Amino acid sequence: MAVIAIDGPAGAGKSTVAKLVAEATGLPYLDTGAMYRCVALLSTRTGIDSSNESGVAAIAESIDITFKGVQCWMNGEDVSQEIRSAEIASIVSIIAAQSPVRTAMRTQQQRWIQQQGGGVVEGRDIGTVVFPNAELKVFLTASPEERASRRVDQSGGDLKEIAFNIAERDRIDSERVDSPLRPASDAVMVDSTGLSITEVVDVIVDHFTHSLEKRHG
Ligand code: CDP
């Protein structure tokens, strides 16, 4: 079971890069951030405040999340667009810091990869907690300025507001007690500032190929 774990802060380009690495290697792609965003969306829709830990936990334990290619479906509905809203971005890290939510999502992620027989998995705790034995672990970063401006190019919005949201999410994600955002000790660090997407993808695919060659001789 080959897993490529790609972790890193918000807006580092994980989704774009992970999808292309999945295409290049033939491995399925899993966006774990979308799963936390689904829990945030359903909480909002059902009027459960992000601080209501037992209410949010009940949602995380019963929610049905599936992926159809790059589309994300929640309880039978395509929510790929809706989970990217500014409203969801502003609460998702508060929800993702809660242990019962993480336990429920982690179980689903491990089951999904087991069923698929491997995958390119992107998130915050993939190399450290979810798949500690991944074939390759990458920690993808970029300067805060570049991350904010990439996000504006991708989805629009006000640069200052987006930069604030990204910084705030990074702070909550890094300071939480349960699986904080940090590089695994054996992760390959890739700073994508000033690099093209193709350059980043090539670096990761090369590392993966070398790792497989080393293992299989
Ligand atoms: O795409 P972007 O980097 O903006 O964020 P995302 O990958 O969609 O993740 C949204 C949020 O979900 C993150 O800010 C984390 O709070 C949380 N998350 C997490 O805690 N663990 C993961 N494995 C993935 C996401």
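Taking label points 7 Å from Cα along the Cα-to-Cβ direction, R111 and M1 give a separation of 1.3 nm. With the alpha-carbon atoms of the stretch 60-151 aligned to their principal axes, the span from lowest to highest coordinate is 38, 33, 28 Å, starting with the largest. Only helices enter this figure: runs of n ≥ 4 DSSP H residues, each worth -39500 (n - 2.57), summed and divided by the residues of the chain, yield -17000 deg cm²/dmol at 222 nm to the nearest 500. Between the helical axis of 99-116 and the longest alpha-carbon principal axis of the chain there is an angle of about 40 degrees. Among the protein heavy atoms of the chain, carbon and sulfur supply 52% of the accessible surface, probe 1.4 Å, non-protein parts ignored. With each label modelled as a point 7 angstrom along the Cα→C-beta vector, the S62-R182 pair spans 3.6 nm. Of all beta bridges that DSSP places with both ends in the stretch 2-216, some 25 percent have antiparallel geometry.
Calculated on the alpha-carbon coordinates, the convex hull of the stretch 1-84 measures out at 119 cubic angstrom per residue.
Against the 2.2 N^0.38 Å scaling, with N counting residues, where does the chain land? I'd like the Cα-based Rg ratio to two decimal places.
Working: Rg = 16.6 Å, N = 217, 2.2 N^0.38 = 17.0 Å.
Compared with the compact-globule rule of thumb, the chain sits at 0.97.
The value of relative contact order for the chain, using C-alpha pairs under 8 Å at least six residues apart, is 34 percent. This model, with +1 at the C-beta of Lys and Arg and -1 at the C-beta of Asp and Glu, gives the stretch 2-216 a dipole about its Cα centre of some 320 debye.
For the chain, the solvent-accessible area of protein heavy atoms averages 48 Å² per residue (probe radius 1.4 Å; ligands and nucleic acids excluded).
The values are calculated or read from the model by the stated rules, or taken from the named source; none is laboratory data. What you are looking at is a predicted structure, and each value in this text was computed from that prediction instead of being measured. Reconstructed Cβ throughout: ideal geometry from the backbone, glycine too, with neighbour counts over all protein chains shown. Surface areas here come from the heavy atoms of the whole protein model, side chains and all, with no ligands, DNA or RNA. Shrake-Rupley method; radii C 1.70, N 1.55, O 1.52, S 1.80 Å.
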